[in-house]
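Asker: Just dropping this structure here.
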Amino acid sequence: MSQQATGGTAVREKGDEVDIQPKQPTAKGPADLIAGDVWFDVTAKGEQPSRIRVNAVRFSPGARTAWHSHAVGQTLHVTEGRGLVQARGGEIVAIRPGDTIHAAPGEWHWHGAALDHFMTHIAMWEAPAEGPESDWGAHVTDAEYLGQDQE
């Protein structure tokens with residue numbers, strides 16, 4: 001790495017190496033947080049000072065997360081398939097490739113695949129400086145998922 005006097009910071013120049021992170025195994029979503037078959041690949045789990053989290057998440061038809069919230073919010077970017085997302089008390093929204101969805105800090109929500117389609121999204125969130133990244137609640141019932149139990 002080239003070193004330059006820039007306020008004590010090392011500067012990478014053309015030709016310097018980058019750090020290729022080891023690939024983590026694909027993991028099945030845990031049954032206490034997920035209904036149906038969901039698989040995720042951790043893309044980034046930042047080390048201090050970074051607190052970024054990025055996962056590629058693949059949902060089988062009808063699979064979805066439980067109700068949950070993120071301390072610092074969450075952004076989802078749909079890459080393939082068709083899915084659904086809902087904030088507590090809101091309408092169920094259909095999502096498709098290219099859609100980017102943001103859940104505000106502390107907003108309870110769920111997301112998953114449509115009943116008859118797979119869906120993949122990139123999930124991005126940041127860990128808070130202190131405390132849990134996410135709070136998890138009850139599973140989304142079939143009636144909630146199908147929009148038959150709107151609050």
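Asker: Among what's in the range 121-148 and is of a type in the set (Asp, Glu) and farther than 14 Å from residue 84 by Cβ, pick the residue that is surrounded by the fewest Cβ atoms within 10 Å (Cβ to Cβ).
Answerer: Checked the range 121-148; the qualifying residue surrounded by the fewest Cβ atoms within 10 Å (Cβ to Cβ) is 130.
Asker: Take the residues in the range 95-137 that are touching a strand residue (DSSP E or B) at 6+ places or on another chain (Cβ under 8 Å), in a loop (DSSP other than H, G, I, E, B) and among the aliphatic types (A, V, I, L, M); name whichever of them is modelled with the lowest pLDDT. Quick ask: steps written out before the conclusion?
Answerer: Taking the range 95-137 as the starting set, the residues that turn out to be touching a strand residue (DSSP E or B) at 6+ places or on another chain (Cβ under 8 Å) are 95-103, 105-114, 117-127, 133-137.
Those still in the list that are in a loop (DSSP other than H, G, I, E, B) too: 96-99, 105-108, 114, 117-118, 127, 133, 137.
Next, only the ones that are among the aliphatic types (A, V, I, L, M) stay: 114, 127.
Working: 114: 98, 127: 91.
Only one residue fits best here, namely 127.
Asker: For residue 91, all conditions in the list (1) farther than 22 Å from residue 105 by Cα; (2) part of a loop (DSSP other than H, G, I, E, B) hold save one; what is the number of the exception?
Answerer: With (1) farther than 22 Å from residue 105 by Cα; (2) part of a loop (DSSP other than H, G, I, E, B) applied to residue 91, the lone miss is (1).
Asker: Now for a separate question. Could you check how many residues of the range 23-59 are surrounded by 15 or more Cβ atoms within 10 Å (Cβ to Cβ) and of a type in the set (S, T, N, Q)?
Answerer: Residues flagged as surrounded by 15 or more Cβ atoms within 10 Å (Cβ to Cβ) and of a type in the set (S, T, N, Q) within the range 23-59 amount to 2.
Asker: If you check residue 75 against the conditions, is it modelled with pLDDT under 95, under 15 Å from the mean Cα position of the chain (by Cα) and in a strand (DSSP E or B)?
Answerer: On the way: modelled with pLDDT under 95: no; under 15 Å from the mean Cα position of the chain (by Cα): yes; in a strand (DSSP E or B): yes.
No: the conditions fail for residue 75.
The values are calculated or read from the model by the stated rules, or taken from the named source; none is laboratory data. Just so it is clear, the model here is predicted, and its values are computed rather than measured. Neighbour counts run over all protein chains shown; Cβ positions are idealised from the backbone, glycine included.
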